[in-house]
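**Q** Before I ask anything, let me first share the structure, which is written out below as structure tokens.
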Amino acid sequence: MTNRLIFVSHAPTALTRRAAFPADVPIEAGQPKGELSRIVAAVSGPERRCVQTGRLFGLEPAVDPALRDWDHGTWAGHTLDEINITDPAGVAAWLADPSSTPGGGDSLLAVLGRVGAWLDGTAYPAGRVAVFTHPAIIRAAVVHALGAEPRSFWRIDVAPLSRTTLSGTPGRWTLSEIARAV
């Protein structure tokens, strides 16, 4: 049976508005532009911004630690411009080398591996599953679904409350929809 994983990027936070590296902060007030229909299950990353976004849609998502955000270590809460002043070599390495660990956190390769394992190893209920998570996790899912090179990660834009749908089964995914906002 084909599944539809409807990834919804969490609602805006004070840090996303500043274009800062993520930390576990609450969402800002807002409403989704649209609804999710015929959902058979909902899952989310463990951060409160993901769970709160699921609740905006009237859902109580089950928390899945594999959907946690990219850990940027000591860079969390700071903008790229701020980090570029204090750690320009670290920023250059992070952007050029997918095995680099920003601020002592996760490498891009680790994030891609974790998300790929989640996509291909999870038993999904048949039907439409809402996945409330982070832009980085959604980008990693798209890279995995397309079998793209790690550097493709940097060419995917995921806005707050946007929707990205993958259709298929574990091990065989198709990118079937990208919607700017739901």
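**Q** State all residues of the stretch 1-40 that are outside any loop (DSSP other than H, G, I, E, B), at pLDDT below 85 and surrounded by 15 or more Cβ atoms within 10 Å (Cβ to Cβ); if no residue qualifies, say none.
**A** Those that are outside any loop (DSSP other than H, G, I, E, B), at pLDDT below 85 and surrounded by 15 or more Cβ atoms within 10 Å (Cβ to Cβ): Thr13, Leu15, Thr16, Ala20, Ile27.
**Q** Could you tell me whether Gly54 is at pLDDT below 90 and either touching a helix residue (DSSP H, G or I) at 6+ places or on another chain (Cβ under 7 Å) or assigned to a helix (DSSP H, G or I) (or both)? Walk me through how you get there before you give the answer.
**A** Values: at pLDDT below 90: no; either touching a helix residue (DSSP H, G or I) at 6+ places or on another chain (Cβ under 7 Å) or assigned to a helix (DSSP H, G or I) (or both): yes.
No, not satisfied.
**Q** On the basis of being free of Cβ contacts under 8 Å to residues at least 60 places away in the same chain, closer than 20 Å to Ala140 by Cα and touching an Asp or Glu at 6+ places or on another chain (Cβ under 7 Å), does Gly73 make the cut?
**A** No: the conditions fail for Gly73.
**Q** Which residues, counting only those in the stretch 96-115, are of a type in the set (A, V, I, L, M), without any contact (Cβ under 8 Å) to a residue 40 or more places away in the chain and over 24 Å from Val63 (Cβ atoms)?
**A** Ala96
**Q** Filtering the stretch 145-154 down to residues that are in contact with a Lys or Arg (Cβ under 9 Å, 6 or more places away or on another chain) and not small (Gly, Ala, Ser), which residue is farthest from Ala42 (Cα to Cα)?
**A** Top of the filtered list is Trp154.
**Q** Name the residue, out of Glu60, Glu47, that is of a type in the set (Asp, Glu), out of contact with any Cys (no Cβ under 9 Å at 6 or more places or on another chain) and surrounded by fewer than 14 Cβ atoms within 10 Å (Cβ to Cβ).
**A** So the residue among Glu60, Glu47 that is of a type in the set (Asp, Glu), out of contact with any Cys (no Cβ under 9 Å at 6 or more places or on another chain) and surrounded by fewer than 14 Cβ atoms within 10 Å (Cβ to Cβ) is Glu60.
**Q** Can you say whether Gly127 is farther than 15 Å from Leu166 by Cβ and over 15 Å from the mean Cα position of the chain (by Cα), as far as the supplied structure shows? Reasoning before the result, please.
**A** Numbers: farther than 15 Å from Leu166 by Cβ: no; over 15 Å from the mean Cα position of the chain (by Cα): yes.
No; evaluated as a whole, the condition is false for this residue.
**Q** Mind checking which residues of the stretch 150-171 are over 12 Å from Ile138 (Cα atoms) and of a type in the set (Gly, Ala, Ser)?
**A** Once the filter is applied, which keeps residues that are over 12 Å from Ile138 (Cα atoms) and of a type in the set (Gly, Ala, Ser), the stretch 150-171 yields Ser152, Ser167, Gly168, Gly171.
**Q** Restricting attention to the stretch 142-155, does a residue exist that is more than 21 Å from Val91 (Cα to Cα), in contact with a Leu (Cβ under 7 Å, 6 or more places away or on another chain) and either of a type in the set (Ser, Thr, Tyr) or free of Cβ contacts under 8 Å to residues at least 12 places away in the same chain (or both)? Before you say what the answer is, go through the steps one by one.
**A** Of the residues in the stretch 142-155, the ones more than 21 Å from Val91 (Cα to Cα) are 142-148.
Now drop any that are not in contact with a Leu (Cβ under 7 Å, 6 or more places away or on another chain), which leaves 142-146.
Next, from what is left, pick out any that are either of a type in the set (Ser, Thr, Tyr) or free of Cβ contacts under 8 Å to residues at least 12 places away in the same chain (or both): none.
Checked against the condition, which is being more than 21 Å from Val91 (Cα to Cα), in contact with a Leu (Cβ under 7 Å, 6 or more places away or on another chain) and either of a type in the set (Ser, Thr, Tyr) or free of Cβ contacts under 8 Å to residues at least 12 places away in the same chain (or both), the stretch 142-155 yields no hits at all.
**Q** Name the residues in the stretch 116-141 that are β-branched (Val, Ile, Thr) and in contact (Cβ under 8 Å) with a residue 60 or more places away in the chain, would you?
**A** Within the stretch 116-141, Val129, Val131, Thr133, Ile137, Ile138 meet the criteria.
**Q** From the set of residues in the stretch 63-99 that are surrounded by 16 or more Cβ atoms within 10 Å (Cβ to Cβ) and over 19 Å from the mean Cα position of the chain (by Cα), which is nearest to Arg151 (Cα to Cα)?
**A** My answer is Val91.
The values are calculated or read from the model by the stated rules, or taken from the named source; none is laboratory data. These figures come from a predicted structure and were not determined experimentally. For neighbour counting, all protein chains shown are included, and Cβ atoms are generated from backbone atoms with ideal geometry for every residue, glycine included.
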